[in-house]
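Asks: The structure under discussion is supplied below as structure tokens; questions concerning it will follow.
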Amino acid sequence: MIVGVLKAFLVILAALPYTFGALLGIPFQKNGEITHAMARGWSRFILWIYGVRVHVRGAENIQQGKNYVYASNHASMFDIPTVIGSIPDQIRLVLKKELTRIPFWGWALKYGGYISIDRSNAIAAQKSLEAAAEKIRKGTSVLLFAEGTRTKDGKLQPFKRGAFALAAQSGVPILPVTINNSFRILPKGSLTVRPQDIELIIDKQIPTEGIDGRDAELKLMERVRRVVEKNFVEQP
């Protein structure tokens, strides 16, 4: 327990220089490149301090110079540092607008190219999605956890349509991402970290051109889920 508390303290302490590095880099970046470098550094520190190794398969499916919507399953708090620290792309997260109000850390996200969604009402949410789609079209790759929340039992959950509506609206290809073994490291509701290797699988891209309307988005969602399910290892 003492070791666990010490490691958590070091993770929080390490966040400070990375956060201030991101803030200082805001005037010198075009699309959040410095912010992403700081996020990647902190993510790799988290994985290292807890002794978690990530094995990436399918990195060759990422074409340099192209941007994507990464659609992933979500099993653990370790999924975010796994993706940010291991995928060789300039990935941004889609997050709730409320998080951007957190002093320093939230400001770094807000001005560092990350995409915030205002869920206060339907009109604000729609405007946020339109702005997000435009940002993606202009060259931003984003990560979306397609289940909407972390699994409670290690099983793959149903996907939510919102991620695929955003992908269709942007017209950017989807890269299905499967994260295996992270559930065992830190299940939802647990505070105990059990280090082990994570497998991250990036499958072939799925186009979104011509996807229009609810039915087409649902078919896209199911197509992506089948790919993730094919690579998924249930994590009891």
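The values are calculated or read from the model by the stated rules, or taken from the named source; none is laboratory data. Only a predicted model underlies this, so the values are computations on that prediction, with no experimental measurement involved. Here Cβ is always computed from backbone atoms with ideal geometry, including for glycine, and neighbour counts include all displayed protein chains.
Asks: Which residue pairs have Cβ atoms under 8 Å apart, sit 6 or more places apart or on different chains, and have a first residue in region 97-108 that is under 18 Å from A131 (Cβ atoms) and a second that is of a type in the set (G, A, S) and at pLDDT 85 or above?
Replies: L99/G106; T100/G106
Yes/no matrix, rows are residues, columns are (1) of a type in the set (S, T, Y); (2) more than 15 Å from V69 (Cα to Cα); (3) modelled with pLDDT of 90 or more; (4) surrounded by fewer than 20 Cβ atoms within 10 Å (Cβ to Cβ):
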{"position": "V83", "(1), (2), (3), (4)": "no, no, yes, no"}
{"position": "L95", "(1), (2), (3), (4)": "no, no, no, yes"}
{"position": "E98", "(1), (2), (3), (4)": "no, yes, no, yes"}
{"position": "N121", "(1), (2), (3), (4)": "no, yes, no, yes"}
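Asks: So L186 fits all but one of (1) touching an Asp or Glu at 6+ places or on another chain (Cβ under 8 Å); (2) aliphatic (A, V, I, L, M); (3) at pLDDT below 95; (4) more than 19 Å from L93 (Cα to Cα); what number is the exception?
Replies: (1)
Asks: Can you report the number of residues in region 1-20 which are over 15 Å from W107 (Cβ atoms) and in contact (Cβ under 8 Å) with a residue 60 or more places away in the chain?
Replies: 2
Asks: Of all the residues that make up region 192-236, how many are assigned to a loop (DSSP other than H, G, I, E, B), in contact (Cβ under 8 Å) with a residue 12 or more places away in the chain, more than 21 Å from the chain's Cα centre (by Cα) and surrounded by fewer than 17 Cβ atoms within 10 Å (Cβ to Cβ)? It would help to see each step written out before you state the result.
Replies: In the first step, residues of region 192-236 are kept if they are assigned to a loop (DSSP other than H, G, I, E, B); the result is 192-197, 203-205, 207-213, 232-236.
This time we only want the ones that are in contact (Cβ under 8 Å) with a residue 12 or more places away in the chain, so: 192-193, 195-197, 203-205, 207-209, 211-212, 232-236.
Keeping just the survivors that are more than 21 Å from the chain's Cα centre (by Cα) gives 192, 209, 211-212, 236.
Keeping just the survivors that are surrounded by fewer than 17 Cβ atoms within 10 Å (Cβ to Cβ) gives 192, 209, 212, 236.
Residues that pass the stated criteria total 4.
Asks: Hey, does region 204-220 have a residue that's among the acidic types (D, E) and at pLDDT 95 or above? Reasoning before the result, please.
Replies: Filtering region 204-220 down to residues among the acidic types (D, E) leaves 209, 212, 215, 217.
Restricting the remaining residues to those that are at pLDDT 95 or above gives none.
There is no residue in region 204-220 that is among the acidic types (D, E) and at pLDDT 95 or above.
Asks: Here's a follow-up. Among G65, G51, which is the only one that is of a type outside the set (V, I, T), surrounded by fewer than 19 Cβ atoms within 10 Å (Cβ to Cβ) and modelled with pLDDT of 90 or more? Quick ask: steps written out before the conclusion?
Replies: Values: G65 fails: modelled with pLDDT of 90 or more.
Within the list G65, G51, the selection yields G51.
Asks: Confirm whether P187 is closer than 21 Å to G85 by Cα, surrounded by fewer than 22 Cβ atoms within 10 Å (Cβ to Cβ), in contact (Cβ under 8 Å) with a residue 24 or more places away in the chain and in contact with a helix residue (DSSP H, G or I) (Cβ under 9 Å, 6 or more places away or on another chain).
Replies: Numbers: closer than 21 Å to G85 by Cα: yes; surrounded by fewer than 22 Cβ atoms within 10 Å (Cβ to Cβ): yes; in contact (Cβ under 8 Å) with a residue 24 or more places away in the chain: yes; in contact with a helix residue (DSSP H, G or I) (Cβ under 9 Å, 6 or more places away or on another chain): no.
When the stated conditions are applied, P187 does not pass them.
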